Amino acid sequence: MHWKLKSKIQNAISLLPSAASYEAYYWVQRHYGGLRHVDPIMGFNAAIETWTRIQNQDQSPIGKVFLEVGTGRAPIVPIAYWLMGAKSTITIDLNPYLKEDLIAEHLRYIAKNKDKTIALFGSLIDKQRFDALVSIATKSKLSVSELLDLCKIVYIAPGDASNTNLPDQHIDFHTSYTVFEHIPPNILTAILREGNRIIKNNGLFVHRIDYSDHFSHSDENISAINFLQYSDNEWAKYADNRYMYMNRLRHDDFLALFESIGQQVVASEPDIDKRSEKLLKTNGLSLNERFSLKSEEILAIRGAWMVTKKYG
Ligand SMILES: C[S@@+](CC[C@H](N)C(=O)[O-])C[C@H]1O[C@@H](n2cnc3c(N)ncnc32)[C@H](O)[C@@H]1O
């Protein structure tokens, strides 16, 4: 779909009163968008990738407490943390987006594809926990609260990760998957400060950030850096709504942000986008002044994993 048409639809739906707007947007996503077919593979992979990055820092996530920022429609990442041995996950979302029919569809996939799911986790899976999940997944009627209880998931929504009300040093790991690019910089700073307060001294932040223009995910005619040609005011006309807001912070901005709140970056794994790299080298995109002084290496980064820990 042409990205400007998508933007018009999102802007129009976001003008509806909240409850009607959420329902309308869900309906559009379910019938025409990314939620037409769902399975838990991407969420499981996100959790496995997070888990292995913790292990790469010589820490064991088994028996530990996770906090996930931005649950989204289904608690797939927290389910995966539990399947791999986490003690519990507190998952917080500003919007109560959980959808029972969608969760049921994820569980049906797991029940139908047991071997494939076990193979995905490999040696990381706790087989007893997996069997317990499958027995919930094969029930005729899903109980979301039973699922959350089984997987030791505390779901807080509406809730704000910048103000969790959790005690100091309560969690071991602070994680998110493709969430931080959607949060305004001042709130992001507050979320990281709050994370710094509630995380144990030896805990880790593990975050995946998608820097790409999200309109490029459904319009192949534009590149991942298409949005860097616009000023903040121009861009706001296209995407300053509850469904598509993107802060357009780049990798260097995120590195500086983590450092500014007292988190030392211990691993940063940027992915370079070849198409963007070529566009930048051939001057194929006129960059807005907010981005024109940044290096091509920074601008061509499409996404990154960041692992950070408290200084000291
Ligand atoms: C793009 S969605 C990603 C959801 C999920 N991680 C996924 O990959 O499907 C971003 C989520 O972050 C949530 N969010 C935004 N600001 C937040 C905040 N301050 N605290 C908690 N969640 C927030 C949004 O409501 C939304 O559900």
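The values are calculated or read from the model by the stated rules, or taken from the named source; none is laboratory data. These numbers come from a predicted model, not from an experiment. Methodologically, a virtual Cβ is constructed for each residue, glycine included, from the backbone with ideal geometry; neighbour enumeration extends over all protein chains shown.
Scan the stretch 187-200 and report the pairs whose first residue is touching a residue at least 12 places away in the same chain (Cβ under 8 Å) and whose second residue is among the basic types (Lys, Arg) and away from the ligand (no atom under 11 Å from the Cβ), with Cβ atoms within less than 9 Å and a gap of 6+ or a chain change.
Asn196/Lys310; Ile199/Lys309; Ile199/Lys310; Lys200/Lys310
Just name the residue that is surrounded by the most Cβ atoms within 10 Å (Cβ to Cβ) out of those in the stretch 155-191 that are more than 8 Å from the ligand (Cβ to nearest atom) and part of a strand (DSSP E or B).
Thr175
Within the stretch 210-223, can one find any residue that is among the aliphatic types (A, V, I, L, M) and exposed (fewer than 15 other Cβ atoms within 10 Å of the Cβ)?
No: the stretch 210-223 contains no residue that is among the aliphatic types (A, V, I, L, M) and exposed (fewer than 15 other Cβ atoms within 10 Å of the Cβ).
Please work out which one of (1) in contact with a Leu (Cβ under 8 Å, 6 or more places away or on another chain); (2) modelled with pLDDT of 95 or more is the condition Leu285 fails and give its number.
Condition not satisfied by Leu285: (2).
Out of the residues in the stretch 96-116 that are of a type in the set (D, E, K, R) and buried (at least 17 other Cβ atoms within 10 Å of the Cβ), state the one that is farthest from the ligand (Cβ to nearest atom).
Here the residue is Glu105.
Quick one: count up the residues across the stretch 138-154 that are in a helix (DSSP H, G or I) and farther than 25 Å from Val65 by Cβ.
Filtering the stretch 138-154 down to residues in a helix (DSSP H, G or I) leaves 144-150.
Retained after the next criterion (residues that are farther than 25 Å from Val65 by Cβ): none.
Number of matching residues: 0.
Please go through the stretch 198-211 and give me each residue that is closer than 24 Å to Pro75 by Cα and either at pLDDT below 95 or more than 12 Å from the ligand (Cβ to nearest atom) (or both), ordered by number.
Once the filter is applied, which keeps residues that are closer than 24 Å to Pro75 by Cα and either at pLDDT below 95 or more than 12 Å from the ligand (Cβ to nearest atom) (or both), the stretch 198-211 yields Ile198, Ile199, Lys200, Gly203, Leu204, Phe205, Val206, Tyr211.
List, please: which pairs have Cβ atoms under 6 Å, are six or more places apart or on different chains, and start with a residue in the stretch 72-95 that is more than 10 Å from the ligand (Cβ to nearest atom) and end with one that is of a type in the set (Gly, Ala, Ser)?
Qualifying pairs under 6 Å: Ala80/Ala47; Tyr81/Ala47; Lys87/Gly63.
Report, by residue number, each residue of the stretch 50-79 that is within 25 Å of Pro167 (Cα to Cα) and either among the basic types (Lys, Arg) or outside any loop (DSSP other than H, G, I, E, B) (or both).
Matches in the stretch 50-79: Thr50, Trp51, Ile54, Lys64, Val65, Phe66, Leu67, Glu68, Val69, Val77, Pro78, Ile79.
Return yes when Arg275 is in a loop (DSSP other than H, G, I, E, B) and of a type in the set (D, E, K, R) and no when it is not.
No; evaluated as a whole, the condition is false for this residue.
Can you find even one residue in the stretch 218-226 that is polar (S, T, N, Q), within 16 Å of the ligand (Cβ to nearest atom) and within 28 Å of Leu280 (Cα to Cα)? Spell out the reasoning first.
Residues of the stretch 218-226 polar (S, T, N, Q): 218, 221, 223, 226.
Among the residues that remain, those that are also within 16 Å of the ligand (Cβ to nearest atom) are: 218.
Now narrow it down to the ones that are within 28 Å of Leu280 (Cα to Cα): 218.
Yes.
Filter the stretch 55-71 for residues that are under 20 Å from Glu194 (Cβ atoms) and more than 12 Å from the ligand (Cβ to nearest atom) and give the result. Even if it seems obvious, please write down each step before you answer.
Filtering the stretch 55-71 for residues under 20 Å from Glu194 (Cβ atoms) gives 64-71.
Answer for the stretch 55-71, where residues must be under 20 Å from Glu194 (Cβ atoms) and more than 12 Å from the ligand (Cβ to nearest atom): Lys64, Val65, Phe66.
Which one of Ala47, Ala119 is assigned to a helix (DSSP H, G or I), more than 11 Å from the ligand (Cβ to nearest atom) and among the aliphatic types (A, V, I, L, M)?
None of the other options fit; the residue is Ala119.
Which ones in the stretch 130-151 are buried (at least 16 other Cβ atoms within 10 Å of the Cβ) and within 23 Å of His174 (Cα to Cα)?
Leu147, Leu148, Leu150, Cys151
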